[in-house]
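Student: First, the structure itself, so that you have it in front of you.
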Amino acid sequence: MTKSGICACHSEEVHEAVVKSLRDSMPAEEEILHAAELFKAFADATRLRILTTLMKGEICVCDIADVLGMTQSAISHQLRLLKNAHLIRARREGKTVFYALADSHVMAILACATEHIRE
C-alpha cells in the first residue's frame, strides 16, 4: 500500500484478458461525454435544490422561487439549464408554466445521492 492508502501493482505484468474485457465493456466516448454533461448539471447547489423541490411534484417558477428564497429570474435561468440537460420537463397551463422532473431516472439519481451522503 502506498502513503496515499491506494494499493499499487508490484509488478509490470499486464493482465491482457482483464484489460480487453474492461475496454470492450466501456461505454462509447459520446456516452461518456453526455454523462459528464449530466453530472455538470447536477454540480450546482441551486440546481440540486430545484431538483429536490421538484421531487415533491410539479410546481411553477414563482413557487420554486418562494420555496428557495430566490428571484424568479434566477430560478428561470437554472430551469433553462436543467431543461437543456433533459432533467426536467415543462407544461404550460395558460400563462403559467409548471416544471417537473423529466422521469423516474432523475428521481433515482437524486435518491441515490441523498442515500450515499447520509451513510
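The values are calculated or read from the model by the stated rules, or taken from the named source; none is laboratory data. Because the structure is a prediction, the values reported are computed rather than measured. Note: ideal-geometry Cβ built from the backbone for every residue, glycine included; neighbour counts use all protein chains shown.
Student: Could you please let me know if residue 24 is among the charged types (D, E, K, R), out of contact with any Asp or Glu (no Cβ under 6 Å at 6 or more places or on another chain) and modelled with pLDDT under 95?
Tutor: yes
Student: Continuing with the same structure: Please enumerate the residues belonging to the range 76-91 that are of a type in the set (Lys, Arg) and either assigned to a helix (DSSP H, G or I) or in contact with a Gly (Cβ under 9 Å, 6 or more places away or on another chain) (or both).
Tutor: Across the range 76-91, the qualifying residues are 80, 83.
Student: To continue, here is another question. What's the number of the only condition in (1) touching a helix residue (DSSP H, G or I) at 6+ places or on another chain (Cβ under 6 Å); (2) at positive phi that residue 67 fails to meet?
Tutor: Status for residue 67: all satisfied but (2).
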